[in-house]
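Asker: Dumping the structure here so I can ask a few things about it.
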Amino acid sequence: MNGTEPARAFGGATALLMALTTLLPAQQFEAPVLLTSGGAPIDVDIGHSAPFVTDWDGDGKKDLLVGQYGQGRLRVYRNIGTHASPVFDGFEWFRAGGDIARIWTN
Ligand SMILES: [Ca+2]
């Protein structure tokens, strides 16, 4: 591998993105919604959150995962509402091997 290969790969991805945005019809986002847990706005330690929605526990309702910069941890908010109207009441830290999992954040 030489020093130009990553640049070419990035350029290819950029070209693909440009092609997709040209070919696909304009998309509109829904109005923003403040997500709450236990009645309080969901927030993270030290900001820099990375939310992801998936059915974490396999019960058919999508849950909310939120990675955070603070201590490099991942919050798991299980949906106790419905698929159409999710409700969150607290979170648990993602664990691995019995310990709270984390990635190093400088
Ligand atoms: Ca679920």
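Asker: At a Förster radius of 22 Å, what calculated FRET efficiency corresponds to the Cβ-Cβ distance of Asp45 and Ala84, to the nearest 0.05?
Answerer: Once rounded, the FRET efficiency stands at 0.15.
Asker: Still on this structure, I have one more. Can you give the local net charge around Leu74? Use residues other than it whose beta-carbon is closer than 11 angstrom to its beta-carbon, Lys and Arg +1, Asp and Glu -1.
Answerer: Surrounding charge for Leu74 is +3.
Asker: Provide Leu35, Leu64 in ascending order of the number of other Cβ atoms located within 10 Å of each residue's Cβ, fewest first.
Answerer: Leu35, Leu64
Asker: Return Ile42, Ile100 ranked ascending by Cβ neighbour count within 10 Å, so the fewest neighbours appear first.
Answerer: In increasing order of surrounding Cβ atoms, one gets Ile100, Ile42.
Asker: While we're here: Could you give the nm distance between label points at Val33 and Val53, where each point is 7 Å from its Cα heading toward the beta carbon?
Answerer: 0.6
Asker: If you don't mind, there's one more thing I want to ask. Which order do peptides 26-34, 69-77 fall in by mean Cβ count within 10 Å, highest first?
Answerer: 69-77, 26-34
Asker: Could you tell me which of rounded, prolate or oblate describes the range 36-100, using a ≥ b ≥ c as the square roots of the eigenvalues of the alpha-carbon gyration tensor, with rounded for a/c under 1.5 and, failing that, prolate when a/b is larger than b/c and oblate otherwise?
Answerer: oblate
Computed from the coordinates by the stated procedures, all read-outs in this text should not be read as laboratory data. Since the model is a prediction, treat every value here as computed from it, not as a measurement. Because the Cβ atoms are built from the backbone with ideal geometry, glycine has one as well, and the counts that use them run over all protein chains shown.
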